[in-house]
Structures are given as structure tokens and as C-alpha cells.
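The values are calculated or read from the model by the stated rules, or taken from the named source; none is laboratory data. Here the structure is a predicted model, which means the values were calculated and not measured. Don't worry about glycine lacking a Cβ; one is built from the backbone with ideal geometry, like all the others, and counts go over all protein chains shown. Protein only, heavy atoms only, side chains kept; ligands, DNA and RNA dropped before computing areas. Shrake-Rupley method; radii C 1.70, N 1.55, O 1.52, S 1.80 Å.
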Amino acid sequence: MNSDSKDQVTLGIIGFGAFGRLIAQHLHPYFQLYAFDPAAPAAGRDESLGVTFADIATVAKCRIVVLAMPVNQLEQAIAAISPHLEPGTLVLDVGSVKVIPANIMRRDLPAHVDIIGTHPLFGPQSAREGIKGLKIALCPIRGGRVGRVAAFLRATLGLKVFVTTPEAHDQELATVQGLTHLIAKVLVQMEPLPTRMTTSSFDMIMKAVEMVRYDAPEVFLAIERSNPYSASVREQFFKLSADLNSSLGGSKS
């Protein structure tokens, strides 16, 4: 299906920051894309991304609507789009945490729309060389369309798809993302770090730091504050770190 096909399904992106642009980059061959963001043009078209900018009401009338904003802006966005969502619309979010967004979407979106929580387990930095083979989590919330979405993501985009619950997602990601971003924040604050006589393991750690270094501050706060399981993981990590430091003769304070 080419990008000029009048038979393409319309897909609206609410929030057109770095991740919204990444979505457009990979989906514009398959959908007729529309986008709204307060910081984006009110109208016009970005030909390179295949996106038409429009007002929020127009974008909300698309057959698929993707919410691509920080968790703390989700309720406001849903309030703005809900009056314009048509029956049968599929609404997805792309946030790094799933329990809180799932509860908000289930509660606040109208009953006539289907809902899937998604978490692409990559970002603009880790997707610089393409997204084939990368991972995405899907959390069915309302409706029965997760199978079709998963099939598209696997067959067309080449992603590895994991269908899970919001609770299971957040439990795993509290460690997977919570510790990664936490350690990266600490290492960035310790800079300048050695760059000359480095080991392969240190280089791999620094590569991981680079993948998250430029994430928006809201991403870090969502991972650490909006995931209900992150605090206990942090506490365990810092306790074990303090115990190890103490066993090596370091200060307990």
C-alpha cells in the first residue's frame, strides 16, 4: 500500500515530540497520518514524515489514535479528545509505564473505543539503525484487537511482540528500565569518566548510558515515580549497594 492510497486507515498522533516523530517515520508508509501537538504547526504537512498537522478534534477522529505524551499529561489529553472519538476507534498509548495509564484510559475514555496499552522497548537513540528485531509490549485493556495489532507489528515492522498485563509489565520494567536509567543518571553525574584505557565491559555500560542520556526528564520521572514497583526495586538496589560498600570497608552513611 503506497502512502498516497485513499484506502489507507487514518492514524492520529497526539503529541509530536521525539517519539511521535519516530512513530511517523516508521508508520507513514502504511497509514494516512495526522498529528497534533501544541508546539507543532497548526496546519500544513511534513512530507519527509508523511504527516498532516491538524487541530486536536480532527486528529481525534482518526480510526487509530496514538497518545504520545508524558504520563502526567495523559488525563488532560484524554479529556480533550474524548468528545471527538468515534465508535470503534482504537486508542493506544506508548508510555514507559502501564498500570497508571491503563487505569486512566479505562476510566476516562468513552466506552465505544477499544484500548491497548503499548510500550515500545526502544527510543530514538536505540532505533537509529532501524527497529526490526526490537521489542514492544502490548497490554490489552478493552476490545479484542490486540491479535491484529500484534500481527502487524511482527509481520510488517519486524518487531518482537510481548502481550502482557499492565501489572506484569511494570513489575519487570521496574528493574529493567528503573535500574538502567538510575545507574545512567549516576554515571552522567560522575563525568568526566575515563575514555582512554577502557575495557569492553565499561564501553558497553557507557553505550547503555548514551542510549538514555538524552531522554526527556519526564521519561525518567515516569519510570521512577509512576511505576508502582520502582520504589521497592530502588530500595533493594541501594540497600545491597550499601551492604557491599560496608563489606569493603566503606562508610555506612
## Note on the structure
Being aliphatic (A, V, I, L, M), touching a residue at least 60 places away in the same chain (Cβ under 8 Å) and surrounded by fewer than 22 Cβ atoms within 10 Å (Cβ to Cβ) narrows VAL99, VAL71 down to just VAL99
## Note on the structure
Counted residues in segment 110-126 being open to solvent by less than 10 Å² (accessible area, probe 1.4 Å) and part of a loop (DSSP other than H, G, I, E, B) come to 1
### Task
Select, from ARG196, ARG225, the only residue that is assigned to a helix (DSSP H, G or I) and open to solvent by 70 Å² or more (accessible area, probe 1.4 Å).
ARG225
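If I go through segment 97-113 residue by residue, how many of them are touching a Pro at 6+ places or on another chain (Cβ under 9 Å) and not aliphatic (A, V, I, L, M)? So that I can check it myself, show each step before the final result.
Quick first cut of segment 97-113, residues touching a Pro at 6+ places or on another chain (Cβ under 9 Å) only: 97-103, 110, 112-113.
Checking which are not aliphatic (A, V, I, L, M) leaves us with 98, 101, 103, 110, 112.
Total satisfying the criteria: 5.
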## Note on the structure
Checking LEU27, LEU85 in turn, the sole residue that is within 29 Å of PHE220 (Cβ to Cβ), open to solvent by less than 30 Å² (accessible area, probe 1.4 Å) and touching a strand residue (DSSP E or B) at 6+ places or on another chain (Cβ under 9 Å) turns out to be LEU27
### Task
Filter segment 228-253 down to the residues that are under 34 Å from the mean Cα position of the chain (by Cα), of a type in the set (Ser, Thr, Tyr) and open to solvent by less than 60 Å² (accessible area, probe 1.4 Å), then identify the one that is nearest to PHE19 (Cα to Cα).
SER230
### Query
For segment 114-148, how many residues are among the hydrophobic types (A, V, I, L, M, F, W, C), touching a residue at least 40 places away in the same chain (Cβ under 8 Å) and touching a Ser or Thr at 6+ places or on another chain (Cβ under 7 Å)?
1
### Query
How about segment 30-45: which of its residues are within 20 Å of LEU90 (Cβ to Cβ) and either basic (Lys, Arg) or open to solvent by 40 Å² or more (accessible area, probe 1.4 Å) (or both)?
TYR30, GLN32, TYR34, PHE36
### Query
Checking SER48 against (1) small (Gly, Ala, Ser); (2) closer than 25 Å to VAL146 by Cβ; (3) open to solvent by 10 Å² or more (accessible area, probe 1.4 Å), which single condition isn't satisfied?
(2)
### Summary
Log entry, pairs with first residue in segment 34-60 being on the phi > 0 side of the Ramachandran plot, second being buried (at least 16 other Cβ atoms within 10 Å of the Cβ) and in a strand (DSSP E or B), beta carbons closer than 6 Å, six or more apart or on different chains, reads GLY44/PHE53; GLY50/LEU33
#### Entry: Test: residue in segment 162-183 that is part of a helix (DSSP H, G or I), closer than 17 Å to LYS135 by Cβ and among the charged types (D, E, K, R)
yes
### Message
Let me spell it out: the conditions are (1) out of contact with any strand residue (DSSP E or B) (no Cβ under 6 Å at 6 or more places or on another chain); (2) open to solvent by 30 Å² or more (accessible area, probe 1.4 Å); (3) more than 17 Å from PHE19 (Cβ to Cβ), and GLY158 meets all of them except one. Which number is the exception?
### Response
(2)
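Output the number of residues of segment 212-222 satisfying the condition of being open to solvent by 50 Å² or more (accessible area, probe 1.4 Å), part of a helix (DSSP H, G or I) and more than 14 Å from GLY95 (Cα to Cα). Give the derivation first.
Here is the first cut: in segment 212-222, the residues open to solvent by 50 Å² or more (accessible area, probe 1.4 Å) are 213-215, 217-218, 221.
Narrowing further to those that are part of a helix (DSSP H, G or I): 213, 217-218, 221.
Checking the rest, the ones that are also more than 14 Å from GLY95 (Cα to Cα) come to 213.
Of the residues in that region, 1 qualify.
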